[in-house]
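A short reminder: the numbers here are calculations on the coordinates, not readings from a lab. Note that the coordinates shown come from a computational prediction; the quantities given were computed from them, not determined experimentally. Cβ coordinates were reconstructed from backbone atoms using ideal geometry, including for glycine residues, and neighbour counts include every protein chain displayed.
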Amino acid sequence: MSGDHHHEPSFIRKYVFSVDHKVIGVQYGITALSFLFLGFCLMMLMRWQLAYPGEKMPYIGNIFGEAAMPGGVMLPEFYNSLGAMHGTIMIFLGVVPLLVGAFGNYVMPLQIGAPDMAFPKLNMMSYWVYFVGGVVMITSFFVPGGAANSGWTSYPPLSDIATAGQTWWLFGMVCLITSSLLGSVNFIVTIIQLRVEGLTMFRLPFFVWAQLITSFLLLLAFPPLEAAGVLQLMDRLAGTSFFLPEGLVVSGVLQTQISGGGSPLLWQHLFWFLAHPEVYVLILPALGIVAEVIANNTRKPLWGYRAMIYSTIFLGFMSFIVWAHHMFMTGMGTKISAFFATTTMIISIPSVVILTALVISLYQGAIRFTVPMLFALAFLPMFAIGGLTGLPLGLPAADIHLHDTYYVIGHFHYVVAPGTIFAIFAGIYFWYPKVTGRMLNSTLGYIHFFFSFIFINIVFMPMFWQGMAGVSRRLYNQTVYAHGDAVQSLTVMSSWGAWMLGLAQIPFIINFFISRFAGKKVSNNPWHATTLEWLAPSPPPHGNFETVPVVYRGPYEYSVPGASEDFNPQHVTTEACSSVS
Amino acid sequence: MKLSMFTLAAAVAINTFVYTPTQCMADGQNTITGKIIFKGDPDAYKRTKINTSKDPNCKKSKKTIGSEQVIINKKSDPMTLRNVVVSIKEGLGKKAFPVSKEQLTITQFGCQYVPHVLAGQAGQELRILNGDDTNHNIHFLPEVNDQYNFTQPKKDTEVGKVITLKAEDPFKVKCDVHPWMNCFMAIFEHPFFDVTDKEGTYTLAGMDDGKYTIEAWHEEFGKVTAEVEVSGGKAANQDLTFEPKP
Amino acid sequence: MNRSRIIGIAAALLVGVCLIAPSIVLGQTEAPAVSGNAIDGDYGYGLPPMVSKDGQRVDDLIIIVHWFMSALFMGWAIFFVYCLMRFRARAGHKAAYDPIKAKVSKYSEIGVAAFEAFLLIGLSMPIWAATKSEPPPETEATHVRVVAEQFQWNFHYPGADGKFGKTAADLVDTVDNPLGLDPNDPAAEDDVYATELHLPVNKPVICDLTSKDVIHSFSLTVMRVKQDVIPGMRIPVWFTPVKEGRYEVACAQLCGNNHYSMRAEMVIEDDASFATWLEEVGIVEEFDEDELD
């Protein structure tokens, strides 16, 4: 960009319809954090009904209107809406936009030394399509019959005959999927094309690798769901029956308007063909963040950097051929189940490799217990629990008892909540100084971490016992069953844990806003890190780098023998590193 | 809003024994009364006990409930039919009638809807109450109106929203938790309708002078019509007969 | 780690525990149960009672997997905590640049993979094959059709002739004919309809699952049986109850507003009681309003 034609952009251009990857990243971040909070609030409401079924919700019970909570008592249809929307908001509006839209957008171009994304306008469009999708989802709470209430998986025929909220959900999903597709194309091109000189593929930070694989997953897995979403819209609006067999009798009425011939299982295949790679979309960037924070805070190179990359590629590939392990109970025969169970067991191996590499990276390090590091460290055992509990679910025979129980809820929440969301917190504490030029307060950070860590385990640990006892998920009131009534006390415990976890986020929210103005000012590289984003000023200006950097070495050259400092940044020449300052 | 047990019992009692739709808004002087006669073999339409063992809570409100599709008053001669909707079908012209202010209620009691057949005027308010210690799911199956589908998971609750309906031929409303539970609603543009009581009688009141076609509808036997001419405030008598083919 | 930080962590943990304690105490309060018939068996925090012949194999697998998981996690956690304590940053301690060359991780990964293969091929697959591909002989088994609908389980017994009557979707009437039985089919005459699942003890049972409307899931927790019920498909499941008593049938797949109340009861009884029940359940009693109290 030549200086003559450089105009100071207007406020709208600079902060609202911006094409700068950093502004878009922050937009994504703020929007997605708001959605994350909203999704959490929905869950806290559900926890009341679960813990005290049919009792009036204190203080706030009356504000939800008579169609949702007459007299402050939650109706089952509203409970189902909350459940479906909690899942949708957390995954598609919260975690993925945070990991990919916010961290990916902000950090990845900096880490590869690029001035911006390859297609800045596409990037802007991606955000605004996502935003529209979010607005559609929120609006759906206010349509007659409430928001979608057929679960986040929206299995037909239930979703085909559901209230109008489901149509809104589908429109919202089409927007969100489109947004992810636009983003993924941009990411792939940027990572392949815009790396600076010397930054070969095997000198990329692991976070960039994770983003690259994630983008491929998004690119390949989302189109089937987009297609499926459109088919379901047709079923609902145009009278087709892609997912409806003939002879349905709903509420005693033969559905003669359905031509039939469709298959409810088709949706499940299309959905899980997306949604299983989606699980890795949720976890790979999180592993990337954790790898960055661990390398930086152990002051030593990551152990098995290449093995981790190969494992990630393998993981990405395998994630496309395990989807039917979500469908063991749909009447699957021995051979097909054997295939999917085998691929499921195989996919656990690269996950074990990555986790092992991260833990061995701690060995012989000099571990700094900073706030981001605490979150990254807590991620490891939490992710391990989440991963291990996937094992009985992946064995079809054990799945017979555990399928669709709270065990499943516990399992994937351990992966995503204390797993991915802890990684997100690690990332926020780690890169906040880069984005704002100021540190987050570490005392508030420690308080936030310890309470979150304790309470999140109180929320999810009891679910394994509930699941063992055979309690189904998505039950408005589990006490109607003898086996549910027997473990109701665990539900109450879990609920209190959730509300306490909500309180534990207050220090973070305060910290997040106050530190923007009152936090300690920092230099370009407060963590003494090696990757390129720490070369740019904090916050980086438009165009990112004052001079285009050149890369001389791999991403994690910490504690190199003979070097003057315990970190050798990627952009510093070898002579400069070893010269005694 | 919490209903006291007494109100609820009163509502059930009123609905069961003295239920009559309101007809106060019409300003004419004429009335039509009559019986709905059943000609056929009553043994072919015996009422049966409904097995409510699926939900033991049903029995808490009422021990035994019986089927309600066909209820024949065998004591009268000729035999009469209960739960028949009688209304004026033709002859009112384009006249508009004010909507009754009185609320209609349906109570779920003993896992049955009380009343089993409800007639009302378009725009009249309707409340649905739950008198059972169990969960009900009210599912409307109309053609014209909204297909309401909502739950009432607790005893002594009522739907907060008050429903108002559009005019429609009798349609079914059922409970998705207790499949035997259903009732019918008939909604009219005018206030000239009635549902036959235990004795099988009806009264239509307040019409102007004129010639009318009246229609009787029964959920099993369908519709029959008759022509009646009324004038000068005299009560006209018109019986209608259902004669199901064996 | 300096002393003040250790004190800080300890204080945080203490406050945390103080906040949890009331939740655990509050957790003890019994929520009001929806009353009904007494359900047999001890239900608690572990696996629920198990009353089928082959269910023990599922339980065994679950238990073995959990021992394996616990062992892995404990070993892993010990190493993790050791690293955190031994290699914390402190004066005079420097991180090592060169990676360790230990083969332990490689061998343990191979070990994990091998054990997973054993679990899958040695334990899971045979159980799955038995529950999905090896039905008991038709002649010995009690045959029941299970028809799911929002929000009720319907059970259809073939009656004395052992033949199910024809059913059709357009004949379904929620009150008179919930199954849509064809009245002109002689095989339908003695068919029995029930909303409670009664089964004779110690005899294999085959349940054919169909759904009228949406996807449900037929879950017999105590039998370790679970199977999605999918409209447009007929899916059989089989099991052998071995203990008399009254148990529950649950729906395990979200099927609409009242999914949670889609519950039925299952009675396992001896042959004689089963035969009596089968004869009596279909009898329709006349209802006389005047007899009512």
Legend entry - Rounded FRET efficiency, nearest 0.05, which uses the C-beta distance separating A:Arg13 from C:Ile110 and R0 of 41 Å: 0.10
Legend entry - Dipole magnitude of segment B:5-242, debye to nearest 20 (Cβ charges: Lys/Arg +1, Asp/Glu -1, about Cα centre): 820
Inset, instruction - For peptide B:52-59, compute the average count of partner chain beta-carbon atoms within 10 Å of each residue's beta-carbon. - result: 4
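With a Förster radius of 22 Å, plug the Cβ-Cβ distance of C:His93 and A:Ser564 into 1/(1 + (r/R0)^6) and report the FRET value to the nearest 0.05.
For R0 = 22 Å, the calculated efficiency reads 0.75.
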Legend entry - Sequence-separation-based contact order of chain C, relative, with Cα cut under 8 Å and 6+ spacing, percent: 18
Legend entry - Rg(Cα)/(2.2 N^0.38 Å) for segment A:471-537, N = residue count: 2.06
Inset, instruction - State to the nearest 20 debye the size of the charge dipole of the protein assembly as shown about its Cα centre, where the only charges are +1 on K and R beta carbons and -1 on D and E beta carbons. - result: 5860
Legend entry - Furthest towards positive pole of dipole, A:Ser523, A:Ser215, A:Gln166, structure part chain A, Cβ charges: A:Ser523
Inset, instruction - Could you please state, rounded to a whole Å, how far the C-alpha centre of segment A:543-581 is from the C-alpha centre of segment B:192-242? - result: 98
Inset, instruction - Return the FRET efficiency for the residue pair C:Val81, C:Phe118: r is the Cβ-Cβ distance, R0 is 25 Å, and the value is rounded to the nearest 0.05. - result: 0.30
Legend entry - Reach of C:Lys94 by Cα under 16 Å, taken over aspartates and glutamates that are not fewer than 8 positions away in the same chain: A:Glu557, A:Glu565, A:Asp566
Legend entry - Residues whose placed amide H lies under 5 Å from that of B:Asn73, excluding near-sequence neighbours: B:Thr80, B:Leu81, B:Arg82
Legend entry - Mean Cβ neighbour count within 10 Å, used as a protection proxy, ranking A:163-171, B:86-94, B:175-183 highest first: B:175-183, A:163-171, B:86-94
Inset, instruction - Would you calculate a helix-derived [θ] at 222 nm for chain B, using -39,500 (n - 2.57) for each DSSP H run of n ≥ 4 and dividing by the full residue count, to the nearest 500? - result: -2000 deg cm²/dmol
Legend entry - Value of relative contact order over chain A, rounded to a whole percent, pairs C-alpha under 8 Å and six or more apart: 14
Inset, instruction - Indicate the helices, whole DSSP H runs only, in chain A that combine a mean Kyte-Doolittle hydropathy of 0.0 or more with a Cα extent along their long axis of 27 angstrom or more. - result: A:21-51, A:120-139, A:165-193, A:206-237, A:264-298, A:334-360, A:442-468
Inset, instruction - Calculate the length of the line joining the C-alpha centroid of segment A:96-134 to that of segment A:207-279, in whole Å. - result: 27
Legend entry - Relative contact order of segment C:142-281, pairs being alpha-carbon contacts under 8 Å that are 6 or more residues apart, as %: 26
Legend entry - Order of B:Glu219, C:Glu149, A:Glu575 under a 10 Å beta carbon neighbour criterion, fewest first: A:Glu575, B:Glu219, C:Glu149
Inset, instruction - Once you've got the Cα coordinates, tell me which of B:Lys245/C:Lys212; B:Lys54/C:Lys53; B:Lys62/C:Lys226; A:Lys14/A:Lys121; A:Lys335/C:Lys226; B:Lys60/C:Lys203 are over 24 Å apart. - result: B:Lys245/C:Lys212; B:Lys54/C:Lys53; B:Lys62/C:Lys226; B:Lys60/C:Lys203
Legend entry - Cross-link partners of C:Lys106 among lysines (Cα-Cα below 25 Å; sequence separation of 8 or more within a chain): A:Lys300
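So what's the back-of-envelope 222 nm ellipticity for chain A, counting only DSSP H runs of four-plus at -39500 (n - 2.57) apiece and dividing by all residues, rounded to 500? Present the calculation step by step, with values, prior to reporting the outcome.
Numbers: 19 runs with 329 residues, N = 581.
Taking each H run of at least 4 residues, the total per residue is -19000 deg cm²/dmol.
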Inset, instruction - Sort the following peptides by mean Cβ neighbour count (other Cβ atoms within 10 Å, averaged over residues), highest first: C:164-177, A:431-444. - result: A:431-444, C:164-177
Inset, instruction - Kindly work out what percent of the DSSP beta bridges joining two residues of the protein assembly as shown are antiparallel, to the nearest 5. - result: 75
Inset, instruction - Give the angle, between 0 and 90 degrees and rounded to the nearest 10, that separates the Cα long axis of helix C:3-27 from the longest principal axis of the Cα atoms of chain C. - result: 20
Inset, instruction - Return the distance in nm (one decimal) between the two label points of a simple spin-label model at A:Leu220 and A:Val135, each offset 7 Å from Cα along Cα→Cβ. - result: 3.5
Legend entry - Fraction in percent of alpha-carbon pairs per bin - 10 Å, segment B:45-160: 11, 33, 33, 19, 4, 0
Inset, instruction - Please work out, to two decimal places, the log10 of the ratio I(q)/I(0) at q = 0.10, 0.15, 0.16 Å⁻¹ from a Debye calculation in which every Cα of segment B:5-242 carries one identical scatterer. - result: -0.47, -1.05, -1.17
Inset, instruction - Give me a single rounded figure for A:60-70: the average over its residues of other chain Cβ atoms within 10 Å of their Cβ. - result: 2
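Within 10 Å of each Cβ in A:415-428, how many Cβ atoms from other chains are there, averaged over the peptide?
Details: counts 0, 0, 0, 0, 0, 0, 0, 0, 0, 0, 0, 0, 0, 0.
Neighbouring Cβ atoms belonging to other protein chains average 0 per residue here.
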Inset, instruction - Please name which of C:Val242, C:Pro178, C:Ala91 has its Cα lying farthest along the dipole of chain C towards the positive end, using unit charges on Cβ (Lys, Arg +1; Asp, Glu -1) and the Cα centre as origin. - result: C:Ala91
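For a quick check: sort A:Val16, B:Val114, A:Val480 by the number of other beta carbons within 10 angstrom, fewest at the front. Don't jump to the answer; show the numbers that get you there.
Details: A:Val16 12, B:Val114 23, A:Val480 20.
Ranked by crowding around the Cβ, least crowded first: A:Val16, A:Val480, B:Val114.
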Legend entry - Built amide H within the under 5 Å cut-off of C:Val267, gap 5+: C:Leu197, C:His198, C:Leu199, C:Tyr247
Inset, instruction - Compute the separation of the alpha-carbon centres of segment C:63-80 and segment A:147-184 and state it in Å as a whole number. - result: 39
Legend entry - Residue-averaged 222 nm ellipticity for chain C, from DSSP H runs of 4+ at -39500 (n - 2.57), nearest 500: -10500 deg cm²/dmol
Legend entry - Per-bin percent of Cα-Cα distances, segment C:142-281 [10 Å]: 12, 45, 35, 8
Legend entry - Scaled radius of gyration (Cα, divided by 2.2 N^0.38 Å) that the protein assembly as shown gives: 1.06
Inset, instruction - For chain A, just the Cα set please: Rg and Dmax, both in angstrom. - result: 24.2, 85
